[in-house]
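Here is the structure we will look at.
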Amino acid sequence: MKILIIGSGGREYALAWKIKQSPLVDKIYCAPGNGGTSLITENINIEASDINALFNFAGNKGIDLTVVGPEAPLAAGIVDRFERAGLKIFGPNAELARLESSKVFAKEMMRKFGIPTAGFAVFDDPVEAKEYIDKKGVPIVIKADGLAAGKGVIVAESIEEAKNAVNTIMIDKKFGSSGDRIIIEDCLTGEEASILIFTDGVNIVPLVSSQDHKRVFDNDKGPNTGGMGAYSPAPIVTEAVFDKAMKRIFMPLIDGLRNDGFVYKGMLYAGLMIKDEEPYVLEFNVRFGDPETQAIIPKLKSDLVQVMLNTVSGGLGRVNLEWDKRACVCVVLTSGGYPASYEKGRIIEGLDKVKGTDDIFIFHAGTKIADNHSASGTQFLTNGGRVLNIAALASTFKEAQSKAYRAIDNIKFDKMHYRKDIGDKALNFNI
Ligand code: AMP
Ligand code: GLY
């Protein structure tokens, strides 16, 4: 089979690495990919947003399955376009991608199907929004309706901060038309974790739980990022929490959508706030998480391509995933300055010292290959905010964590930054 993977991050590298192990696969393309994927797939110089070019490429090359990494092409209707022409593609259509691309739509679905989530109100008028803030008090959460690269959510601790957030989103239009409407939500407390599922619109096949680290600095300080590291499983997701998430969140959503005539196919990710073993939905994503995927994929023993084919064809009822029971800790190495401005083109040293080490995985993200690299070895340069993901598997979280950090000790680039506390929250739990 020929597979096309769309995207360029650590998530796409991890998917490519796993897909390459499938006996069903002869050839993998990655569009546009990164420095790392150029060694394990064939990179194609087409941006993830260029749906026309991707469609033509898949048709001309006879691609058997296209796997979409990021949300933007899903929201823009790539699945609809491919499916109309009979091309197999993994992901939901544009209408259902609104579970991520419109927070208002997601909240309306949650309300309709009785899914536990924070209380909320929707506003398209900043004056009314501010009146509501005065009435509700703080803390309170302000969210842009549309996609905002993970930056459209402000958890406000003061009335002033909350009203400023309304101004930034609705009046200054920091996120463009994504801020035409906002949601104002009650502030939930607890611990966050993620559960991802494969679904064909009828059956649900869950993945192991995981936990992201969104803030840039240790102890959850500093601004939100795309994710600075993850571990799996998330001990806060006990069996009881997992069970509730299936029965109260995923099943009512998938069944409710289907009864309304919407068949959701692909990956569905629920970001949860968990308190006293009660899960509440903070957000849905309609794709694999990044960096959650990099902490989950090393644990997957089953053939990922087979599961994806079953998802697309409606045959998930026959699928049972097998997992490595060990702990996985994944640390993200970033360019200094990220998530604000940062420099690119720095030489990355030491990757060869880590390569081939047992149960340690280097998943490339913002890297590229230097033009003048020598025959003796590939020279990688930094080429993005999140540069590399170093994941390690071990029988305890403590061991997985030290393995990942010991590997990182070998790697260097100018202004390299990473969190030193990825996995700390899981250290007191046995798997
Ligand atoms: P979201 O993109 O909706 O998941 O929001 C981004 C982050 O904001 C989440 O990971 C939480 O840390 C925080 N957040 C979102 N909604 C709430 C809420 N209702 N209460 C408390 N924190 C929230
Ligand atoms: N790590 C959060 C996300 O993928 O949205």
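Annotations
- Pairs, first over 12 Å from V281 (Cβ atoms) in segment 104-118, second surrounded by 14 or more Cβ atoms within 10 Å (Cβ to Cβ) and not aliphatic (A, V, I, L, M), C-beta under 8 Å, six or more apart: V104/D145; V104/R181; F105/R98; K112/G256
- Selection status of A156, within 27 Å of S335 (Cβ to Cβ), of a type outside the set (D, E) and free of Cβ contacts under 8 Å to residues at least 60 places away in the same chain: no
- Positions within segment 309-334 being surrounded by 22 or more Cβ atoms within 10 Å (Cβ to Cβ) and either under 17 Å from the mean Cα position of the chain (by Cα) or on the phi > 0 side of the Ramachandran plot (or both), in sequence order: C328, V329, C330, V331, V332, L333, T334
- Top-ranked residue of segment 10-56 - restricted to ones that are among the charged types (D, E, K, R) and either within 20 Å of I390 (Cβ to Cβ) or free of Cβ contacts under 8 Å to residues at least 24 places away in the same chain (or both), ranked as surrounded by the most Cβ atoms within 10 Å (Cβ to Cβ): E12
- Candidate set from segment 196-215 (those that are within 13 Å of ligand 2 (Cβ to nearest atom) and not basic (K, R)); member that is farthest from N320 (Cα to Cα): H213
- Condition met for D255 (of a type in the set (D, E) and out of contact with any Gly (no Cβ under 6 Å at 6 or more places or on another chain)): yes
- Residue within segment 153-168 that is away from ligand 2 (no atom under 16 Å from the Cβ), in contact with a Lys or Arg (Cβ under 6 Å, 6 or more places away or on another chain) and hydroxyl-bearing (S, T, Y) present: yes
- Per the listing N219, N224, the residue uniquely within 13 Å of ligand 1 (Cβ to nearest atom) and surrounded by fewer than 23 Cβ atoms within 10 Å (Cβ to Cβ) is N224.
- Count of segment 278-320 residues which are closer than 13 Å to I197 by Cβ, away from ligand 1 (no atom under 16 Å from the Cβ) and β-branched (V, I, T): 4
- Within segment 340-361, the set of residues being crowded, with 21+ Cβ neighbours inside 10 Å and either in contact with a Lys or Arg (Cβ under 7 Å, 6 or more places away or on another chain) or not β-branched (V, I, T) (or both) comprises L351, F361.
- Only one of E108, E128, E95 that is closer than 30 Å to M1 by Cβ and charged (D, E, K, R): E95
- Restricting attention to segment 217-238, the residues that are more than 17 Å from Q294 (Cα to Cα) and within 13 Å of ligand 2 (Cβ to nearest atom) add up to 1.
- Selection count, segment 216-234, where residues are modelled with pLDDT of 95 or more and touching a strand residue (DSSP E or B) at 6+ places or on another chain (Cβ under 8 Å): 10
- Any hit, segment 227-242, residues being hydrophobic (A, V, I, L, M, F, W, C), touching a Pro at 6+ places or on another chain (Cβ under 6 Å), over 19 Å from N93 (Cα atoms) and part of a helix (DSSP H, G or I): yes
- Some residue of segment 9-26 being in a strand (DSSP E or B) and out of contact with any Gly (no Cβ under 6 Å at 6 or more places or on another chain): no
- Residue list for segment 119-137, filter: closer than 19 Å to M273 by Cβ and buried (at least 17 other Cβ atoms within 10 Å of the Cβ): F120, K136
- Some residue of segment 382-397 being farther than 23 Å from S194 by Cβ, touching a residue at least 60 places away in the same chain (Cβ under 8 Å) and not in a loop (DSSP other than H, G, I, E, B): no
- Inter-residue pairs, beta-carbon under 8 Å, first more than 16 Å from I236 (Cα to Cα) and of a type outside the set (S, T, N, Q) and in segment 204-223, second assigned to a helix (DSSP H, G or I) and within 13 Å of ligand 1 (Cβ to nearest atom), 6+ apart: K214/D220
- Among (1) at pLDDT 95 or above; (2) within 21 Å of N389 (Cβ to Cβ) - the single one I197 does not satisfy: (2)
- Selected residue (criterion: nearest to I154 (Cα to Cα)) from residues of segment 280-330 that are within 16 Å of ligand 2 (Cβ to nearest atom) and assigned to a helix (DSSP H, G or I): E292
- Restricted to segment 81-154, the set of helices (runs of 4 or more DSSP H) holding at least 1 residues that are at pLDDT 95 or above, on the phi > 0 side of the Ramachandran plot and touching a strand residue (DSSP E or B) at 6+ places or on another chain (Cβ under 6 Å) is empty.
- Matching residues, segment 182-195, being of a type outside the set (G, A, S) and either outside any strand (DSSP E or B) or within 16 Å of ligand 2 (Cβ to nearest atom) (or both): C187, L188, T189, E191, E192, I195
The values are calculated or read from the model by the stated rules, or taken from the named source; none is laboratory data. In this text, all values refer to a predicted model and were calculated from it rather than measured experimentally. Cβ coordinates were reconstructed from backbone atoms using ideal geometry, including for glycine residues, and neighbour counts include every protein chain displayed.
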